[in-house]
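Undergrad: Provided herewith is a single structure, encoded as structure tokens, for subsequent inquiry.
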Amino acid sequence: MSHPLDPTGVVELAILSRSGLDESRHLGAAVVVSPDGSVLRALGDVDAIVFGRSSLKFFQAIAVLRSGVSLAGAQLVLSTASHAGTAAHVDVVRSILERAGLDEEALQCPVDWPLDSASRSAASAPARVTMNCSGKHAAFLLACVENGWDTASYLDPEHPLQQRIRATVEEFTGEPVGHVGVDGCGAPVFATTLRGLATAVGRVSSSRDPSAALLTAAVLAEPWAIDGPGRANTVVIEQLGLLTKGGAEGVIVIGTPDGTAVALKMLDGSARATSAVALGMLASVGAISLEDADRVGALTTEKVLGGGLPVGTIRVSEVVRGI
């Protein structure tokens, strides 16, 4: 029976130290699977169901491609992005809407400010097009227009597109959806086990499916589009060539070219150490080097400051490192 992740199913994954004192601890569950989906390492209850949140965008984009929509390059990456709302991101979103013959008012994601600080400062007001999921929503609308589906109800779980997305999630995870909810952007969000989520991402990153191959190649070629310059997902892709996607509430997935993949969920919903922990898990099974995990983990982890100066660190736990 499906069950949510709870305090009985977690282990310590990361620790924040300030001025020599361990101040905060992040507990969660994480799993690494091999290319065939077998478990290489599991920490905590990896058969608990979690909302993958934006980590599910890979499967949403694949469903759009499979519906017959032709997307490539930055347009394809924006369809799977949690973008920073820079002018370059917004231009691509608008180009997708233009193909659909629709304007920004057709988007049903909430209005929001850009995540990028400079773009936020330059913005006069929050807008739907600068909301980080607007590229996904624009791709949804394009799929509806090209297939003759209703655009007003495209977020209804019973809509033909959302049914295709659900089927795609179940195909790639190899398990039935455990629960259906509403994501922050208003789209249906499907709960899966962490084990299933990792398996699904490995199937995308190894490009065993034609649509997955197109998506993976686009993301690796234009990593700026999936997140933003200097932001965690973009940095991991640029530095290591790994397919990665974070989600709200402390979820992240990373897949290697051979299909080894990791999925994790922080119980407290914090994302500040998720990239470092996920990379540490991959290093612990030899999928990447420990040196690369430490180096890129440091680039993607929140700084611990006091008076504007470094006074501590966030480190992955010894259990993650396999010590």
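The values are calculated or read from the model by the stated rules, or taken from the named source; none is laboratory data. Here the structure is a predicted model, which means the values were calculated and not measured. Counting neighbours? That spans all protein chains shown, and the Cβs are built from the backbone with ideal geometry, glycine included. Areas reflect the complete protein model, heavy atoms only, side chains present, ligands, DNA and RNA absent. Shrake-Rupley method; radii C 1.70, N 1.55, O 1.52, S 1.80 Å.
Undergrad: Out of the residues in region 209-231 that are open to solvent by 30 Å² or more (accessible area, probe 1.4 Å) and touching a Gly at 6+ places or on another chain (Cβ under 7 Å), which is nearest to A14 (Cα to Cα)?
TA: Checked region 209-231; the qualifying residue nearest to A14 (Cα to Cα) is L220.
To keep it simple, each residue is scored yes or no on (1) in contact with a Cys (Cβ under 6 Å, 6 or more places away or on another chain); (2) open to solvent by 20 Å² or more (accessible area, probe 1.4 Å); (3) of a type in the set (G, A, S); (4) within 17 Å of G269 (Cβ to Cβ).
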residue	(1), (2), (3), (4)
H26	no, no, no, yes
V31	no, no, no, no
P35	no, yes, no, no
V46	no, no, no, no
F51	no, yes, no, yes
S54	no, no, yes, yes
K57	no, no, no, no
Q60	no, no, no, no
V64	no, no, no, no
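Undergrad: Please go through region 298-323 and give me each residue that is crowded, with 23+ Cβ neighbours inside 10 Å and within 18 Å of the chain's Cα centre (by Cα), ordered by number.
TA: T300
Undergrad: Moving to a separate point now. Please count how many residues of region 2-27 are of a type outside the set (S, T, Y) and on the phi > 0 side of the Ramachandran plot.
TA: Counting residues in region 2-27 that are of a type outside the set (S, T, Y) and on the phi > 0 side of the Ramachandran plot gives 1.
Undergrad: Okay, next question. Please pick out the residue among A81, A63 that is on the phi < 0 side of the Ramachandran plot, of a type in the set (A, V, I, L, M) and assigned to a helix (DSSP H, G or I).
TA: Exactly one of A81, A63 is on the phi < 0 side of the Ramachandran plot, of a type in the set (A, V, I, L, M) and assigned to a helix (DSSP H, G or I), namely A63.
Let's see how each residue does on (1) more than 21 Å from P188 (Cβ to Cβ); (2) of a type in the set (V, I, T); (3) loosely packed, with under 14 Cβ neighbours inside 10 Å:
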site: A118; (1), (2), (3): yes, no, yes
site: T130; (1), (2), (3): yes, yes, no
site: F140; (1), (2), (3): no, no, no
site: C144; (1), (2), (3): no, no, no
site: P157; (1), (2), (3): no, no, no
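Undergrad: Does A42 fit the bill of being more than 24 Å from N132 (Cβ to Cβ), of a type in the set (A, V, I, L, M), touching a residue at least 40 places away in the same chain (Cβ under 8 Å) and not in a loop (DSSP other than H, G, I, E, B)?
TA: Criteria met by A42.
So that you can scan it fast, the table gives a plain yes or no per residue for (1) under 15 Å from the mean Cα position of the chain (by Cα); (2) more than 25 Å from G85 (Cα to Cα); (3) touching a residue at least 40 places away in the same chain (Cβ under 8 Å):
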position: T199; (1), (2), (3): yes, yes, yes
position: A213; (1), (2), (3): no, yes, no
position: L220; (1), (2), (3): yes, no, no
position: G246; (1), (2), (3): yes, no, yes
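Undergrad: Let me ask something else. Any residue at all in region 89-104 that's among the hydroxyl-bearing types (S, T, Y) and open to solvent by 20 Å² or more (accessible area, probe 1.4 Å)?
TA: Checked region 89-104: at least one residue is among the hydroxyl-bearing types (S, T, Y) and open to solvent by 20 Å² or more (accessible area, probe 1.4 Å).
Undergrad: Looking only at residues that are surrounded by fewer than 24 Cβ atoms within 10 Å (Cβ to Cβ) and of a type in the set (A, V, I, L, M) in region 243-276, which one is farthest from L13 (Cα to Cα)?
TA: The extreme case among them is A248.
Undergrad: Does region 143-167 hold any residues that are within 25 Å of the chain's Cα centre (by Cα), hydrophobic (A, V, I, L, M, F, W, C) and assigned to a loop (DSSP other than H, G, I, E, B), and which are they?
TA: Across region 143-167, the qualifying residue is only L155.
Undergrad: Additional query: Does T80 qualify as being among the hydroxyl-bearing types (S, T, Y) and under 30 Å from G308 (Cβ atoms)?
TA: Answer is no for this residue.
Undergrad: Now, a different point. Are any of the residues in region 171-190 of a type in the set (V, I, T) and under 23 Å from V32 (Cβ atoms)?
TA: Within region 171-190, one or more residues are of a type in the set (V, I, T) and under 23 Å from V32 (Cβ atoms).
Undergrad: What are the pairs with Cβ atoms under 8 angstrom where one residue, in region 295-322, is closer than 17 Å to L27 by Cα and at pLDDT 95 or above and the other, located anywhere, is open to solvent by less than 90 Å² (accessible area, probe 1.4 Å) and part of a loop (DSSP other than H, G, I, E, B)? Sequence gap at least six, or different chains.
TA: Taking only residues 6 or more apart or on different chains, the pairs are T301/R272; T301/A273; I314/R272; I314/A273; I314/T301; V316/A273.
Undergrad: Does region 85-93 include one or more residues that are in contact (Cβ under 8 Å) with a residue 40 or more places away in the chain, aliphatic (A, V, I, L, M) and either assigned to a loop (DSSP other than H, G, I, E, B) or in contact with a strand residue (DSSP E or B) (Cβ under 8 Å, 6 or more places away or on another chain) (or both)?
TA: Checking region 85-93: not a single residue is in contact (Cβ under 8 Å) with a residue 40 or more places away in the chain, aliphatic (A, V, I, L, M) and either assigned to a loop (DSSP other than H, G, I, E, B) or in contact with a strand residue (DSSP E or B) (Cβ under 8 Å, 6 or more places away or on another chain) (or both).
Undergrad: Taking E249 and the conditions (1) of a type in the set (D, E); (2) in contact with a strand residue (DSSP E or B) (Cβ under 8 Å, 6 or more places away or on another chain); (3) farther than 22 Å from T192 by Cβ, which numbered condition does it fall short on, given that it satisfies the others?
TA: Of everything listed in (1) of a type in the set (D, E); (2) in contact with a strand residue (DSSP E or B) (Cβ under 8 Å, 6 or more places away or on another chain); (3) farther than 22 Å from T192 by Cβ, E249 misses just condition (3).
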